[in-house]
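Data block below; observations after.
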Amino acid sequence: MLNTTALHPDYFLLMGVPGLEESHLLLSIPFSIMYILALTGNSMLIFIIGTHETLQQPMYLFLMMLAACDLLLSSTTVPKTLCIFWFNSYTISFTGCIAQTFSIHFNFAMESAILVSMAYDRYYAICHPLLYITTLTGSFIRKMVILALLRNICMITPFVFLLHRLPYEGSIVIEHTYCEHMSMARLATDDILVNVVYGLVIATCSTGVDLILIIISYVVIVRTVLTLRSSDARVKAFNTCVSHVCVITLFYIPAFFSFIAHRVGHKNISAQFHILFANLYVIVPPMMNPIIYGVKTREIRQRVVSTFCR
């Protein structure tokens, strides 16, 4: 069904996991459990940090922002995925598909920027502890957040126009559980070279640069920690970074695999494996981040226990 004013379909069909239609109900069990854990854990983090003045410090404020992004990222995709699994609700409007694409990429880019900010926070806390309080002030954190928002809006918004300009006169079936830039672009009946190139440029200039900055920060941190004479001080310094390193690993590895598979590996990797793996970076990090920080961060663990006891 095409509009008369533009060659855009009224809707697309999200088919879930092709080839595993009979297992959709079974797949919905781990998806729903992980989503509930993500909602509960991140909401708890936001509540604990937001209501305790002693946690109004840069590290915890960045963690609260990360929890908010996790909620948005998982809530953008998982509810629709569960509707597909439970009710065979395959349809999604053209506008809704573009909005979902924008939200996924924007929230992913925001999480990447927050992880860079957290690495910067750990760098100053360990390498320049005397300057930590005077450098990472509330005003400085607000400027970092505004800069990240402006950067990501400027980078992700063109995706909307690049997808909207394409004609969609062929198939309206998206073999995925959610709308994504390349999964939409491949349905177009026109050349998508601009979309491919822009996607590569954005991935390189945003998340690629972010990951490089994080690696540089941790190289400097490790070098600084190894110069400490006290073994207890070295262990304490490393412990403050373990949680962040775990979160970084959970966040970037599934995302980069999905990105590469969409562009160069979709003919060599089975659709089922690709789609299931692509869902990892929108549900597993949001589920695991509160658990990792809750277990490794004593202050948060104590506040959670005291809240439940009360």
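The figures follow:
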item	result
Proportion of all alpha-carbon pairs of the stretch 116-164 beyond 15 Å (%)	57
Cα centroid separation, the stretch 84-128 to the stretch 141-191 (Å)	13
Stretch gain in nm, segment Leu20-Leu276, where the contour uses 0.36 nm per residue and the Cα spacing is subtracted	91.1 nm
Spacing of the two label points (7 Å from each Cα toward its C-beta) at Thr137 and Leu228, in nm	2.8
Theoretical gain in end-to-end length, Glu169 to Leu7 [0.36 nm per residue, Cα-Cα removed]	57.7 nm
Rotationally averaged projected area of the stretch 150-213 (alpha carbon convex hull; nm²)	5.0
Helix runs (DSSP H) in the chain reaching 20 Å along axis by Cα, Kyte-Doolittle at least 0.0	24-51, 58-87, 94-127, 138-164, 209-226, 231-260, 280-296
Amide proton proximity set for Val173, modelled H, under 5 Å, gap of 5+	Leu13
Simple spin-label estimate for Lys296 and Val245 in nanometres, 7 Å along Cα-Cβ	0.8
Per residue solvent-accessible surface (Å²) - the stretch 67-127, probe of 1.4 Å	31
Mean separation of Cα contacts under 8 Å (6+ apart) over length of the chain, as relative contact order %	29
Unpaired by the 4.7 Å Cβ criterion, cysteines found in the chain	Cys69, Cys83, Cys127, Cys154, Cys205, Cys241, Cys246, Cys309
For the stretch 136-289: rounded, prolate or oblate by the Cα gyration tensor [a/c cutoff 1.5]	prolate
Net length gained if the chain between His52 and Ile260 were fully extended (0.36 nm per residue, minus Cα distance)	70.7 nm
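The values are calculated or read from the model by the stated rules, or taken from the named source; none is laboratory data. Bear in mind that the values here come from a model prediction, so they are computed numbers and not experimental data. Quick reminder, even Gly has a Cβ in these numbers, built from the backbone with ideal geometry, and neighbours come from all protein chains shown. What goes into the accessible areas is simple: the full protein's heavy atoms, side chains included, and nothing from ligands, DNA or RNA. Shrake-Rupley method; radii C 1.70, N 1.55, O 1.52, S 1.80 Å.
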